[in-house]
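Undergrad: Okay, here's the structure, questions in a sec.
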Amino acid sequence: MSAPRIVVLTGAGISAESGVATFRDSGGLWEGNRVEDVATPEGFDRDPDLVIGFYDARRRAVASARPNAAHLALARLEGAVGDRLLVVTQNVDDLHERAGSERLVHMHGELHSALCTTCGVRRRCDAELAGRPPCPVCGHRTLRPDVVWFGEMPYGLDRIEQAVLACDVFVSIGTSGAVYPAAGYVALAAAFGARTVELNLEPSDAAVPFDDARTGPATVLVPAWVDEMLSASSKR
Ligand code: APR
């Protein structure tokens, strides 16, 4: 029997041990900032410099962070099972990529991408946006962070939903299950027969109970789970 089809959903918790702040834990990003000021189109229209400064600061924090054992374990799993794995991340950091993951969807956008509000193009952008660099396509100095804000449509939904419907195993890592549509994927996967697993520091308030809910740090749980998957696959 071939390797199972696996969808892994990650949230801020997988990057926490790399020193990247989560949102809703104590000391999280939503403690020191108002969502409506820095994570909505209206907030950007009101004060673009405040919003750009917020994301440039997050970009700097991520630049000094390193992928941790959990990111590396998922890249190792991809190396073993290839296109049987899809990682769907709510995170905008590039730690999955820097760990080696390639089969990856950033459904909430990316810090290292910019969106032009004049021509609509999305482009990789390593420069901080506070300098208001010109759009590489239309030249206008109208780039914004290419991050999906509340009220905006997440990226890759068709691809994600097709993968969730077809998967044999759905694993949720380090997410509170507070934001849809990501929070609804466990119910969708379960409804279509997948085995569902949660790896989290504490149980999330998931839409439906997971078949297998494990609590602990991602850097411990994820490598152990990947070892289990690879060991089971080798016995097939
Ligand atoms: N190991 C595993 N899980 C952890 C760890 C850790 N070391 N540290 C924290 N967690 C878990 C917490 O228990 C919590 O369930 O990570 C989760 C963090 O939850 P949030 O801060 O809500 O982050 P996330 O679930 O990714 O938020 C989803 O909300 O604000 C929006 O767009 C933003 O993508 C984000 C979305």
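Undergrad: Quick one: order Leu165, Leu157, Leu74, Leu104 by neighbouring beta-carbon count within 10 Å, fewest to most.
TA: Result, fewest neighbours first: Leu157, Leu165, Leu104, Leu74.
Undergrad: With each run of n ≥ 4 DSSP H residues scored as -39500 (n - 2.57), what mean residue ellipticity at 222 nm is computed for the chain after dividing by its residue count and rounding to the nearest 500 deg cm²/dmol?
TA: Taken over the chain, the calculation gives -10000 deg cm²/dmol.
Undergrad: Can you tell me how much longer the chain between Thr117 and Ala166 gets when fully stretched, taken as 0.36 nm per residue apart minus their C-alpha distance, in nm with one decimal?
TA: Going from the current span to full extension adds 14.1 nm.
Undergrad: Stokes-Einstein diffusion coefficient for region 26-144 at 4 °C in a medium of 1.567 mPa s, Rh from the Kirkwood formula over Cα pairs: what value in µm²/s?
TA: Result for D is 82 µm²/s.
Undergrad: Share of antiparallel DSSP beta bridges in region 88-236, in percent to the nearest 5?
TA: Given both bridge residues lie in region 88-236, the antiparallel proportion sits at roughly 40 percent.
Undergrad: Then there's this: Got a sec? How would His140, His108, His96, His71 order by Cβ neighbour count within 10 Å, fewest to most?
TA: Going from least to most buried by this count: His140, His108, His96, His71.
Undergrad: Then there's this: Nearest 5 is fine: what % of DSSP beta bridges in region 80-153 come out antiparallel, could you say?
TA: Around 70 percent antiparallel, to the nearest 5.
Undergrad: Further, regarding this structure: Based on the Kirkwood radius over alpha-carbon pairs, what value in µm²/s does the Stokes-Einstein equation return for the translational diffusion coefficient of the chain at 10 °C and 1.306 mPa s?
TA: 86 µm²/s
Undergrad: Let me ask you something else. Which of Glu36, Glu110 comes first, and how do the rest follow, when ranked by fewest Cβ neighbours within 10 Å?
TA: With the fewest neighbours first, Glu36, Glu110 line up as Glu36, Glu110.
Undergrad: Assuming a viscosity of 0.692 mPa s and a temperature of 37 °C, what translational diffusion coefficient in µm² per second does Stokes-Einstein assign to region 96-204, Rh being the Kirkwood radius over Cα pairs?
TA: Using the Kirkwood radius from Cα pairs, D works out to 205 µm²/s.
Undergrad: If you don't mind, there's one more thing I want to ask. Quick check of the Kirkwood formula: for region 138-189, what is the inverse mean of 1/r over all pairs of different Cα atoms, in Å?
TA: Every distinct Cα pair counted, the radius reaches 13.3 Å.
Undergrad: Need one number: the % of Cα-Cα pairs in region 1-95 sitting beyond the 21 Å mark.
TA: Every Cα pair in region 1-95 considered, those over 21 Å come to 44 percent.
Undergrad: On a 0 to 90 degree scale, rounded to 10, what angle separates helix 157-166 from the longest Cα axis of the chain?
TA: 0 degrees
Undergrad: Right, something else. Starting from the Cα of Asp49, step 7 Å along the direction of its Cβ; do the same at Ala63; then give the gap between the two resulting points in nm.
TA: Distance between the two pseudo-spin positions: 2.1 nm.
Undergrad: With springs connecting C-alpha atoms under 10 Å apart, model the chain as a Gaussian network and identify which of Asn33, Asn91, Asn68 has the largest mean-square fluctuation.
TA: Taking springs between Cα atoms under 10 Å, the residue moving most is Asn33.
Undergrad: Under the Cβ-under-4.7 Å rule, which cysteines of the chain stay unpaired?
TA: Here Cys125, Cys167 come out as lacking a disulfide-compatible partner, given the Cβ-Cβ threshold of under 4.7 Å.
A short reminder: the numbers here are calculations on the coordinates, not readings from a lab. Predicted, not measured: the structure shown is a model, and the values here were computed from it. Glycine gets a Cβ as well: all are built from the backbone with ideal geometry, and neighbour counts include every protein chain shown.
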